[in-house]
């Protein structure tokens, strides 16, 4: 009977051990089982809680029946300070053991049961030592008593230290290229930009290098590795790329976005695919540059509405598609939806597409809008000062106080074209997605939307740009007008 009891216990222990997909053990000198230890992971530029430790005999255990995904994780102490560890999907996560004290000094930290973390801790110790020395040297270099010769020696020493850290990181990636730590460190490594061909002048050379970086920026990123997103590395890479190497031109941004996402799709990382689309949607929405709603629309239509955003629930996707449909008619370079509305006499109908000037300024406004009260006098002063053969203004009153509108026109003497949807026949509110006023669009001779939602103070410069572009005025004439 005893024999069978031991056999049953053994089976239960074996079953329990088999069910444990991760058991990360942490011994923190200075903490007791009364303390709370948390496990979190990086995801882009944020951190997310993953687990709370159980404590047994002074050792904290993070346990779960599903393997953790590769990434950079944080062991968070009660005072909210933390140290980082690597989790690799290719290692036995039940053997992870870490030891440290509450000072979290690198020299007192130890990793067992994980070759990747041994490498990680050793590199961090080396980089930390170099960092401490670098700070001391920098302080010495700033001291007024330090000679110029010594300052030059310090600059040389700091450069060499930086190279030494990079070389140590490179040695890890070269020795075991398939490890997660190697993929992570390789992604952190900047690409080496070649010298421009000698026959190029300085400007041509800079352009050559800029385009080379644009083409090869992602060479060191393994786009099959999901774990890189669970670190700060991927977020920093994609933000730097679009901040510094993608010009603020919507069509170019769309082209390079699609190229990046296609590369990721082909390589296979679903997390990089998801993060790129999610990040860029917000990035383009917040862009301070003109017409980037084209990029927002492109992402919505070609990824969310096309069923590729596997992480998005049906309600969010439906909302995205609804909003993008509202954006579509007034994207930059689209022909502005035509309007035919009566003027203030209610007897004459004016069709916007029949305006023959090479530039048309389209304005939606309201007599009770506080911002309109500031903007419309600026518009009026501008109109009264320009050549009417070059520019016409088509101002649409958006509300229904016809008497108040007529009175305002009479008082302010707005001499440009003033119309209103007095008979309710025009669908301008839906076509232009009017949610606030004033809204100002600048159209070229073909009635294409070239500038949109600008301020009244910007009208003069945008009009001059279009007149110059269309050859209506010469550059010299433009400068004289200034």
**Study point:** Qualifying positions in region 86-118 - farther than 19 Å from residue 23 by Cα and in a strand (DSSP E or B)
**Key:** 101
Exercise for review: Working carefully through the options 83, 121, 135, find the one that is assigned to a strand (DSSP E or B) and either out of contact with any helix residue (DSSP H, G or I) (no Cβ under 6 Å at 6 or more places or on another chain) or crowded, with 17+ Cβ neighbours inside 10 Å (or both).
Suggested key: 83
Revision key, fill the gap. Across region 175-214, the tally of residues that are loosely packed, with under 12 Cβ neighbours inside 10 Å and within 23 Å of residue 233 (Cβ to Cβ) stands at 5
Point to revise | In region 190-219, the residues that are over 20 Å from the mean Cα position of the chain (by Cα) and in a loop (DSSP other than H, G, I, E, B) | key: 191, 192, 193, 194, 195, 196, 197, 198, 199, 200, 201
Review point. For residue 322, are the conditions met, namely being closer than 30 Å to residue 426 by Cα, surrounded by fewer than 18 Cβ atoms within 10 Å (Cβ to Cβ) and assigned by TED's automatic domain parsing to the domain that holds residue 432?
Key: no
Point to revise | Number of the condition not met by residue 251 [criteria: (1) within 16 Å of the chain's Cα centre (by Cα); (2) in a helix (DSSP H, G or I); (3) touching a residue at least 24 places away in the same chain (Cβ under 8 Å); (4) over 29 Å from residue 68 (Cα atoms)] | key: (1)
Review point. Given the conditions (1) buried (at least 22 other Cβ atoms within 10 Å of the Cβ); (2) closer than 30 Å to residue 74 by Cα; (3) touching a helix residue (DSSP H, G or I) at 6+ places or on another chain (Cβ under 7 Å), and given that residue 230 satisfies all but one, which numbered condition is not satisfied?
Key: (3)
Review point. How many of the residues making up region 49-80 are at pLDDT 95 or above and in contact with a helix residue (DSSP H, G or I) (Cβ under 9 Å, 6 or more places away or on another chain)?
Key: 4
Review point. Restricting attention to region 47-60, and to residues there that are assigned to a strand (DSSP E or B) and under 13 Å from residue 36 (Cβ atoms), which single residue is farthest from the chain's Cα centre (by Cα)?
Key: 55
Point to revise | Contacts under 8 angstrom Cβ, first residue in region 213-227 being free of Cβ contacts under 8 Å to residues at least 24 places away in the same chain, partner surrounded by fewer than 19 Cβ atoms within 10 Å (Cβ to Cβ), 6 or more apart | key: none
Check your understanding: If residue 78 satisfies every condition in (1) in contact (Cβ under 8 Å) with a residue 12 or more places away in the chain; (2) part of a strand (DSSP E or B); (3) more than 17 Å from residue 93 (Cβ to Cβ) but one, which is the exception?
Key -> (2)
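The values are calculated or read from the model by the stated rules, or taken from the named source; none is laboratory data. Only a predicted model underlies this, so the values are computations on that prediction, with no experimental measurement involved. Methodologically, a virtual Cβ is constructed for each residue, glycine included, from the backbone with ideal geometry; neighbour enumeration extends over all protein chains shown.
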